[in-house]
Amino acid sequence: LGLCKDKVFKTKARTTISNLLETKLVLTLNRSGKDGMRLENFNLDAETADGSQKRRFKCGKIVIVDKKTAIKECFAQFPKSLPTTTRSGPCLRSGKNCDKTTTRPPFRSGSG
């Protein structure tokens with residue numbers, strides 16, 4: 001797989017039932033020689049095109065016995081990125097849209 005080190009593969013993410021993003025790569029393995037090939041737990045480590053995030057594609061078990069080629073779908077799941085919203089509107093009591101929070105002393109009615 002060293003030949004794929006500098007390659008860019010486009011993937012398309014979809015939302016899963018558990019509200020994660022999931023993307024897949026279709027892996028084709030070719031074996032040479034007469035011996036069979038058995039991989040019990042095969043994973044591909046990749047990173048996004050800009051290098052900012054790493055992904056692990058889980059391929060699972062791959063067995064090539066009678067054929068020279070195996071095709072396997074490998075999946076990676078990752079959380080959705082949080083949207084970055086700019087401040088809009090006035091500072092609210094809940095602290096939303098405020099630059100910093102301040103603690104006020106309790107309100108006391110007239111002294112008696």
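The values are calculated or read from the model by the stated rules, or taken from the named source; none is laboratory data. Bear in mind that the values here come from a model prediction, so they are computed numbers and not experimental data. No Cβ is skipped: glycine too gets one built from the backbone with ideal geometry, and neighbour counts run over all protein chains shown. Please note that ligands, DNA and RNA were not included when accessible areas were found on the heavy atoms of the full protein model with its side chains. Shrake-Rupley method; radii C 1.70, N 1.55, O 1.52, S 1.80 Å.
Accessible surface for F75 stands near 80 Å², nearest 10, in the context of the full protein assembly shown (1.4 Å probe).
Kindly state, to the nearest 0.05, the FRET efficiency for C4 paired with F107, given R0 = 41 Å and r defined as their beta-carbon distance.
0.05
Extension gain for N30-V65 works out to 11.5 nm (0.36 nm per residue, less the C-alpha to C-alpha distance). Shown here is the pair-distance distribution of region 6-54: with all Cα-Cα distances grouped in 5 Å bins from zero up to the longest one, the shares run 4, 12, 19, 21, 17, 13, 8, 4, 2 percent.
Accessible area ranking (1.4 Å probe, heavy atoms, ligands and nucleic acids excluded), largest first, for K34, K7: K34, K7.
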